[in-house]
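The values are calculated or read from the model by the stated rules, or taken from the named source; none is laboratory data. Since the model is a prediction, treat every value here as computed from it, not as a measurement. Methodologically, a virtual Cβ is constructed for each residue, glycine included, from the backbone with ideal geometry; neighbour enumeration extends over all protein chains shown. Surface accessibility is based on the protein's heavy atoms, side chains included, excluding ligands, DNA and RNA. Shrake-Rupley method; radii C 1.70, N 1.55, O 1.52, S 1.80 Å.
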Amino acid sequence: MFTGIVAAVGKITSVKPLGSSAEDGVRLAVDAGGLALADVALGDSISLNGACMTVVAKTATTFEVDVSRESLNRTVGLDASGEINLEKALTLADRLGGHLVSGHVDGLGRVEKFEPVGESWELVIKSARDLAKYFAYKGSVVVNGVSLTVNRVDDVADGCLFSINLIPHTIEVTALKHLQVGKQVNLEVDLIARYVERMLSLEQGVA
């Protein structure tokens, strides 16, 4: 489990295929940036842009993870060099500063707007229709591993548009600063919304 509070911005420094087949995954080498690795052991989990990955090798300042083809097909930002948001798995002694996050990407969104508004930035993302029901005003969402609050939701024929306000601190300490209109992002919906939807579907005899 994670909180969606980014601990450091790291950088993928190399992407090596794990085989010669198009179905094979890749091994990523990551410069951990300001993420302390002293307490990280092989087999521990680290969130990379919102996707939970297992550490398979490490040094004092770098670590490596294997990413399956399935994960590559369902996420963005894990197949090329560049900056990424990092967070170590939550411990029972940690503060829950964001919200409970599983590190399992539910789908991809597309940036429709990303521009300054006053001292902050407005980020508008379009999601597919199957995820639209999970977004609510003042609800939580994870975008590329960052726990954020939804400020507005507008349903459209093929999904929904939801708006987020990013304060200067968030822009400064995460890789969201690199977002551009048209870029895809990893989305994880709120765990509570997922369970509410399941319970309601059972009551209505849909499941």
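Among the residues of region 186-207, just one is out of contact with any Leu (no Cβ under 7 Å at 6 or more places or on another chain) and at pLDDT 95 or above, namely Glu188. Restrict the check to region 131-142 and report whether at least one residue is aromatic (Phe, Trp, Tyr), in contact with a helix residue (DSSP H, G or I) (Cβ under 8 Å, 6 or more places away or on another chain) and open to solvent by 70 Å² or more (accessible area, probe 1.4 Å). No - not one qualifying residue is present in region 131-142.
Taking strands (runs of 3 or more DSSP E) that do not extend beyond region 21-109, which have at least 1 residues that are surrounded by 15 or more Cβ atoms within 10 Å (Cβ to Cβ) and touching a helix residue (DSSP H, G or I) at 6+ places or on another chain (Cβ under 9 Å)?
Numbers: elements: 26-31, 45-48, 51-58, 62-67, 82-88.
Where strands (runs of 3 or more DSSP E) fall fully within region 21-109 and carry at least 1 residues being surrounded by 15 or more Cβ atoms within 10 Å (Cβ to Cβ) and touching a helix residue (DSSP H, G or I) at 6+ places or on another chain (Cβ under 9 Å), they are 26-31, 51-58, 82-88.
Among the conditions (1) within 22 Å of Met1 (Cβ to Cβ); (2) more than 13 Å from the chain's Cα centre (by Cα); (3) in contact (Cβ under 8 Å) with a residue 40 or more places away in the chain, the only one that Phe63 does not satisfy is (3). Filtered by the rule that a residue be closer than 22 Å to Glu119 by Cα and surrounded by fewer than 12 Cβ atoms within 10 Å (Cβ to Cβ), region 152-167 gives a lone residue, Ile167. Residues that are free of Cβ contacts under 8 Å to residues at least 40 places away in the same chain number at least 1 in the following strands (runs of 3 or more DSSP E) confined to region 113-189: 120-128, 146-156, 159-166.
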